[in-house]
1. Considering only residues that are surrounded by 13 or more Cβ atoms within 10 Å (Cβ to Cβ) and of a type in the set (A, V, I, L, M, F, W, C), which ones fall in region 146-171?
2. For the condition among the hydrophobic types (A, V, I, L, M, F, W, C), touching a residue at least 12 places away in the same chain (Cβ under 8 Å), touching a helix residue (DSSP H, G or I) at 6+ places or on another chain (Cβ under 8 Å) and under 12 Å from residue 148 (Cα atoms), what is the one hit in 33, 58?
3. Looking only at region 1-57, how many residues end up being over 21 Å from residue 93 (Cα atoms) and hydroxyl-bearing (Ser, Thr, Tyr)?
4. Search region 77-102 for residues that are small (Gly, Ala, Ser) and pair each with any residue that is open to solvent by less than 50 Å² (accessible area, probe 1.4 Å) and modelled with pLDDT under 90 when their beta-carbon atoms are under 7 Å apart and the residues are at least 6 apart or on different chains.
5. Does region 61-76 contain at least one residue that is hydroxyl-bearing (Ser, Thr, Tyr) and more than 14 Å from the chain's Cα centre (by Cα)?
6. What number of residues within region 172-186 are farther than 27 Å from residue 29 by Cβ and surrounded by 13 or more Cβ atoms within 10 Å (Cβ to Cβ)?
7. Within region 134-142, is even one residue surrounded by 11 or more Cβ atoms within 10 Å (Cβ to Cβ), modelled with pLDDT under 95, β-branched (Val, Ile, Thr) and under 17 Å from the mean Cα position of the chain (by Cα)?
Amino acid sequence: SFSCILLLCTWAICFLTISEEVQKKLYEEINQVFGNGPVTPEKIEQLRYCQHVLCETVRTAKLTPVSAQLQDIEGKIDQFIIPRETLVLYALGVVLQDPNTWPSPHKFDPDRFDDELVMKTFSSLGFSGTQECPELRFAYMVTTVLLSVLVKRLHLLSVEGQVIETKYELVTSSREEAWITVSKRY
């Protein structure tokens, strides 16, 4: 949905403003892939680090803190049996911050997605932006285009002293408007 795209873009920009090294690395990848050429779907597929930035944005912001899914097969947790076709609620906000799965879970670190096992774990939660979820794939594509254009032309900076408080609902947003400052890249 449009609100999911908007929030993915907003959180990605917020994290880039407070992560100078990540923004620099993303800028270098964008320049290497696009050069002075246009943004094309074929080139977007080459932006591996940008994909990691988006995955880490979804994870760190806990963009979707809760998910529901019908159980395909009968399952078992301890002594409890979960019958097939039972609606199961997943506390993704908890899973995405579990220190047993995500070392330093509150740190914004896109490099953690260099590990194929981490990417596989993330994908199993439905967040990889792959073919299984066309809406999320579209959100990743739109956000990648936006970030490519913005980061190529502008240096994104946080507003000094601004604290972004999180509001958890069906999708996670900030309680109040989040502001950034920009400077032109040369």
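1. 146, 147, 149, 150, 151, 154, 156, 157, 164, 171
2. 33
3. The qualifying residues number 5.
4. 93/62; 93/65
5. The answer is yes; a qualifying residue exists.
6. Count: 1.
7. yes
The values are calculated or read from the model by the stated rules, or taken from the named source; none is laboratory data. Quick caveat, the model's predicted, so the values are computed rather than measured. Every residue, glycine among them, receives a Cβ derived from its backbone with ideal geometry; neighbour counts consider all protein chains shown. For accessibility, only protein heavy atoms count, side chains too; no ligands or nucleic acids. Shrake-Rupley method; radii C 1.70, N 1.55, O 1.52, S 1.80 Å.
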